[in-house]
1. Sort out for me the helices (runs of 4 or more DSSP H) sitting completely within segment 131-248 that have 3 or more residues that are in the same structural domain as P576 (by TED's automatic domain parsing) and modelled with pLDDT of 95 or more.
2. Residues of segment 159-206 being within 16 Å of the ligand (Cβ to nearest atom) and β-branched (V, I, T), which ones?
3. What tally of residues in segment 262-284 results from selecting those that are touching a helix residue (DSSP H, G or I) at 6+ places or on another chain (Cβ under 7 Å), within 14 Å of the ligand (Cβ to nearest atom) and either open to solvent by 30 Å² or more (accessible area, probe 1.4 Å) or not in a helix (DSSP H, G or I) (or both)?
4. In this structure, is L710 farther than 21 Å from F631 by Cβ and either within 26 Å of the chain's Cα centre (by Cα) or crowded, with 18+ Cβ neighbours inside 10 Å (or both)?
5. Residues that are touching a helix residue (DSSP H, G or I) at 6+ places or on another chain (Cβ under 7 Å) and open to solvent by 20 Å² or more (accessible area, probe 1.4 Å): find the strands (runs of 3 or more DSSP E) completely inside segment 395-490 holding 1 or more of those.
6. Could you list, in sequence order, all residues of segment 249-261 that are more than 13 Å from the ligand (Cβ to nearest atom), in contact with a strand residue (DSSP E or B) (Cβ under 9 Å, 6 or more places away or on another chain) and not in a strand (DSSP E or B)?
7. Is there any pair linking a residue in segment 691-711 that is of a type in the set (A, V, I, L, M, F, W, C) to one that is part of a strand (DSSP E or B) and open to solvent by 50 Å² or more (accessible area, probe 1.4 Å), with Cβ under 7 Å and at least six apart or on different chains, and which?
8. In this structure, is Q31 open to solvent by 70 Å² or more (accessible area, probe 1.4 Å) and either part of a loop (DSSP other than H, G, I, E, B) or modelled with pLDDT of 95 or more (or both)?
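The values are calculated or read from the model by the stated rules, or taken from the named source; none is laboratory data. On a predicted model such as this, the values are computed, not experimentally measured, just so you know. So basically every Cβ, Gly included, is an ideal-geometry build from the backbone, and we count neighbours across all protein chains shown. Side chains included, ligands, DNA and RNA excluded: accessible areas come from the protein's heavy atoms. Shrake-Rupley method; radii C 1.70, N 1.55, O 1.52, S 1.80 Å.
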Amino acid sequence: MKKTAFIILSVIVLNSFFLQTALAQEKSIAQKVDSVLKLMTLDEKVGQLNQYNDDWTATGPMTIDTNKVRQIQSGKVGALLNCMGTERTRKWQKVAMQSRLKIPLIFGQDVIHGYKTTFPIPLAEACSWDLDAIELSARVSATEASASGINWTFAPMVDIARDPRWGRIMEGAGEDPCLASKIAYARVKGFQGQKLGETNSVMACAKHFAAYGAAIGGRDYNSVDMSEKLLWETYLPPFKAAVDADVATFMDSFNDINGVPSTGNKYLQRDILKGKWEFGGFVVSDWGSIGEMINHGTVKNGYEAAYSAITAGCDMDMESRSYTNNLAQLIKDGKVPVALVDDAVKRILTKKFELGLFDDPFRFCDPEREQRELNNPDHPVAARDVARKSIVLLKNQNHLLPLSKNTRTIAFIGPLVKAVNQNKGFWDVDVPGIDSSYVVSQWDGLQHKISNKVKLLYAKGCSIDGDNKDGFTEAVNVAKQADVVILSIGERRDMTGEAKSRSNINIPGVQEDLLKALLATGKPIVVLINAGRPLVFNYTADNAPAILYTWWLGSEAGNAIADVLFGDYNPSAKLPVTFPLSVGQIPIYYAHFNTGRPALNDNNRFYTSSYNDLSIYPKFEFGYGLSYTTFQYSNLQMSKKKMYSNDQIKVSVTITNTGKYDGEEIVQLYLHDVVGSVARPVEELKDFRKVKLAAGQSETIKFIIDLEKLSFYNQQLQWVAEPGKFDLLIGASSRDIRLKDSFELVE
Ligand code: GLC
């Protein structure tokens, strides 16, 4: 017995010596990876392709493991998720260091819009069109998460979404590939920082690959039926932008595309991502999505599921156990060449080296840095700034807003006024053992803003859902005592997010009835709408004098809302997604084809592509958002009207702040390719500028039109620009076109 133990111990010591020696020599990461790979057994290789959930919170159907410690000790786990904090990650990393080769774990977490400091939900942030602010949000989130043991975030979610019934529309950047691509790029740069290996950087993860947002009926996890042309021209660009930003990882999507589950889709993962786009990182499945191919009906069992996923290019198995249970056997059976597994292992080990985890497996586990960064006073300041920039002013009749700070009595009414955690939206992070309760409620935000000369009254009025109107009387009485009423209504935060699709996207319950009762008092009313998706609220939109769409704004929600209400910040946000008139209008988006019988207005719609019982227009269009000031667009100049393919056209336009408030305007440049070999959208966003102007100030902004902006996928899926006429549209929204011109692309 003693002899055996001595031999085992010697082997472990020798292996460790060889590994350390191999790594110690000055080698490239690729050489180091090869050195480690050579020492690995098949079981250890398969182990690296396996990600387990920690035992805390689950973000999918849980599999309870009783022997996780032993599996990690024997090198059968490569990563954990939902394991947070320096203490707990250190504990698991110590277990990994007991394994034969001491290959460190990576720790993944859904740091979607903040860690301890919560930022606005991503769809709200997208309303800012402010790429610096969006990058800052991701940067702060990464700084906090990386100080707390996390080195991999499952973000940014870059799925284009055009159906507000889909709960995960809250998680992305809306309907447009141009805007969403720029935002994807900014978010990856924010999360990954200067470069991987910095202790304040985390690996980003472009998800969900691909077309998850096109689920039929807006029903989460549902099938996607899509032409390759639509996939390439609308749903893939933000993923390509993430690759261009050097994103470290990708995550597969749950859905099938035309019957092929993404996790088993070779065309997506090997041909496009790892082939054409030369992606060098690794792909993780979504939670259990390998095993779920059995439900899809494209494989019979776990053995076939593992085969389908590894051959299609899925490198790591999140939580399904398919790889752990089947991959070694597939290799022994000669079904899967070990080279495929080696490629996946190398991709994962490469990232672990890049993160510096082989040098120091505990470099993300410094409790002092954790305390410092999670309490960094600059972070709430950043959160407040990003939140203010995410609030959309939808209506402001008779300049009711901004409110005067000398208003004598304000009635703040509604079920969300004093809500705290609701403001964090979905995908917030509750860091165990860390006080994540810091949220400035809307009520507190107003308290912070107004002096004690102002009387602030409160009434809840009603609940978010349900039909109980008992609180109306009190609310009306409170309103009658006030000079102005602020009504905060909307969804519950758990009404959007994963597995939160809704067939009815009206403001729930009797909240609009409450508005009606308050309007009857004749008092001026400002409505705040809190939601994670575009809602339908025609009564409010038509009858409330002022409306702010406040989404879910995170830790600094109350302060940001107060800043906008009282004019300390002039709202500048614009919608990244169309707001439908009714759920029956869905899908409705601005970049649509003209069709053979276009409906050009609501008057003569007979024999046109329209609904007989509904206007052709959405409630609020893509790119829409107001300001407390006004902007004039003038002096559109083009350097030429004929462009050759190796050419460019310089465009300039003058924007003047013609109001009395300083403010920011998001100037949008759309193109319409009038005639193409295939129908082209009536307009497409091709660029934008966010310009800050003092009252009365003018600025000339410049754009460049190049061949890339004129190109599209033709019927043969070739990326081409075709000669012909193009309309140039400069707008304050996709519908509020202020200046027009045209030019021609010549052979
Ligand atoms: C979830 C989500 C995915 C998330 C993962 C881990 O099911 O689809 O976006 O990153 O599981 O929580």
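1. In segment 131-248, 131-146, 177-192 are the helices (runs of 4 or more DSSP H) which contain 3 or more residues that are in the same structural domain as P576 (by TED's automatic domain parsing) and modelled with pLDDT of 95 or more.
2. I160, I169, V188, V202
3. 1
4. Criteria met by L710.
5. Here the list reads 455-459.
6. Passing the criteria: only N258.
7. Correct list of pairs: V691/E699; L693/E699; I701/R689; I704/K650.
8. In short, yes.
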